[in-house]
């Protein structure tokens with residue numbers, strides 16, 4: 001193992017939540033008079049914190065989203081998670097192997113702590129992540145592509161940035177990890193490698209990750 005810490009993005013990397021959340025986000029924005037397709041939601045918002053949704057809508061339309069936008073959206077998302085959410089295929093195998101090898105790992109997500117917890121519980125991943133392994137953009141105030149979240153996670157885990165590898169599936173996340181001085185492995189199940197410029201390696205099946213980490 002060439003790294004002292006593996007930092008996972010959450011949505012789309014550990015839990016298969018991006019199709020669910022972007023479908024609901026596109027529908028809600030459209031409902032509010034901001035026509036948005038699923039593909040546009042993926043393009044513009046995948047991997048970002050909620051403040052980016054507010055900022056982009058206001059920048060493009062001059063109109064602010066309702067004050068209760070986040071609460072309504074998360075209520076819909078959490079209900080869908082409870083019904084539909086699954087772990088990304090191979091994610092539990094990766095976590096089991098890292099644990100067996102004694103390799104430290106954590107999650108650093110643009111989502112809120114509540115979203116991370118609900119997702120892990122719904123997908124059956126909660127046993128792998130205690131509070132000391134979960135980091136959210138809520139902890140630092142700025143989401144990806146700012147490097148703050150990854151730097152904070154590394155500091156809290158006691159590992160230098162250059163000894164970390166980040167597993168990411170969004171352009172914003174890759175930019176954040178590169179800015180933090182960390183290597184990035186780009187997960188291409190939903191995002192083409194060409195859009196994850198800056199990643200050191202690419203893979204499209206989570207079961208490929210352990211061999212890559214030991215290569």
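Based on Cα contacts under 8 Å between residues 6+ apart, the chain shows a relative contact order of 26 percent. Taking the longest Cα principal axis of the chain as reference, the axis of helix 50-61 is set at about 40 degrees.
In this simple spin-label approximation, residue 127 and residue 103 carry label points 7 Å from Cα along the Cα→Cβ vector, and these lie 2.1 nm apart. By definition, a body whose alpha carbon gyration tensor gives a ≥ b ≥ c is prolate when a/c is 1.5 or more and a/b is larger than b/c, and region 18-84 fits this prolate description. Computed from Cα atoms, the angle from the helix 18-31 axis to the main principal axis of the chain rounds to 20 degrees. Among beta bridges identified by DSSP and lying wholly in the chain, the antiparallel ones come to about 5 percent. The long axis of helix 148-157 is offset from the longest Cα principal axis of the chain by roughly 40 degrees. Using C-alpha pairs under 8 Å with a sequence gap of at least 6, the mean separation divided by the residue count of region 133-215 gives a relative contact order of 22 percent.
Residue exposure proxy: 191, 92, ordered by other Cβ atoms within 10 angstrom of their Cβ from fewest to most, comes out as 92, 191. The candidate values are (i) 10.8; (ii) 12.9; (iii) 12.3; the one derived from this structure for mean projected area of the Cα convex hull in nm² carries the label (i). Across region 18-84, the relative contact order, built from alpha-carbon pairs under 8 Å that are at least six residues apart, equals 33 percent. Among 106, 164, a tally of other beta-carbon atoms within 10 Å of each Cβ gives an order, fewest to most, of 106, 164.
Per-residue packing, averaged as other Cβ atoms within 10 Å, sorts the ranges 26-39, 150-163, 53-66 into the order 150-163, 26-39, 53-66, beginning with the highest.
Every read-out reported here was derived from the displayed coordinates using simple, explicitly stated rules and does not represent laboratory data. A quick note: this is a predicted structure, and the numbers were derived from the prediction, not measured. For neighbour counting, all protein chains shown are included, and Cβ atoms are generated from backbone atoms with ideal geometry for every residue, glycine included.
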